[in-house]
1. For segment 49-105 and segment 181-216, compute the distance between their C-alpha centroids and round to whole Å.
2. Using every pair of alpha-carbon atoms in segment 13-85, split the distances into 10 Å bins beginning at 0 and state the percent of pairs per bin, rounded to integers.
3. So what does the Cα-only Debye profile of segment 157-261 read at q = 0.11, 0.15, 0.25 Å⁻¹, as log10 I(q)/I(0), no solvent term?
4. Select from 327, 184, 123 the residue whose mean-square fluctuation is largest in a Gaussian network model of the chain (Cα-Cα springs shorter than 10 Å).
5. Quick one: what do you get for the chain if you divide its Cα Rg by 2.2 N^0.38 Å?
6. In degrees between 0 and 90, to the nearest 10, how far off the longest principal axis of the chain does helix 15-35 point, with axes built from Cα atoms?
7. Given the DSSP H assignment, sum -39500 (n - 2.57) over each helix run of at least 4 residues in the chain and divide by its residue total; what's the result at 222 nm in deg cm²/dmol, nearest 500?
8. Between segment 244-259 and segment 271-341, what is the separation of their alpha carbon centroids in Å?
């Protein structure tokens, strides 16, 4: 009789990476304290933004006007010494308004030459405000920058300087005159981060903070080089094999045609998450583990990032909408029911 097979040893970090994660955790705590000087509440939103940034991914912010989305993103860039730009998407916005274009200019020698003038996409953190208000051609220009880390203007390619992150917002209140993002384009975003109304105590504090003197300048805690190094560190955070299996099982159960999908889900979901959802679950869990000072991804890391990663990838049917069943409720039930091992 053969001896039982021993499970493979759990992966481990190098000593230098362990120390780097300790510093990362302390820096993240300092970042939260610094942002709290101007941002009231929104701790979970800040964490989700940090997860996307250190995963080298992009995020879609959903919230009604007045929830300090622009202020939050601009102050996040300020604390990290990053170049920030905001693009207000409108129905008449053209791709060259984002990427830039060649302009005929006169040189010092009296000659006229075309020179490329960079657009607002050439920044480290780009806030694409109300991205669903722009026509599809303009959305495609932004999505090329997100996916390829470069832009193409008149046949010439221009690389974007890392770190590069796009935070797009959609206004859930007004739908007239909008061009909703197709599901294939939504899949380019790592997370859908939903911002809710503040509590009564937070709203009173917001009124006190924003109706007095000008907001304070925040300390610079990181540089672009530091962020790139931390992004590399996140990739090295080990993941136990059973969590790879759990992430794949969870995503596969969101697909109504998959044999593992529960019977109750099939009439409620039209489309589920694809392979990019599994990748983002693992990457997001790695980033969250590092932010919290963990040297290995834990099950709670995967489960914590699952709702924002899957929310915009689970497309509900008319039957679900008639029964007022949301994608968030479906995902939460799947998390509770999917076996860990």
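No lab work stands behind these numbers, since they all come straight from the coordinates. What you see is a predicted model, and the numbers here were worked out from it, not measured in a lab.
1. After rounding, the separation between the Cα centres reads 14 Å.
2. Pairs per bin, as whole percents: 16, 50, 26, 7, 1.
3. -0.79, -1.25, -1.29
4. Result for the chain, Cα springs under 10 Å: 184 fluctuates most.
5. Numbers: Rg = 22.0 Å, N = 341, 2.2 N^0.38 = 20.2 Å.
In units of the globular-protein estimate, the chain measures up at 1.09.
6. 60
7. Numbers: 13 runs with 146 residues, N = 341.
My calculation for the chain gives -13000 deg cm²/dmol from helical runs alone.
8. 11
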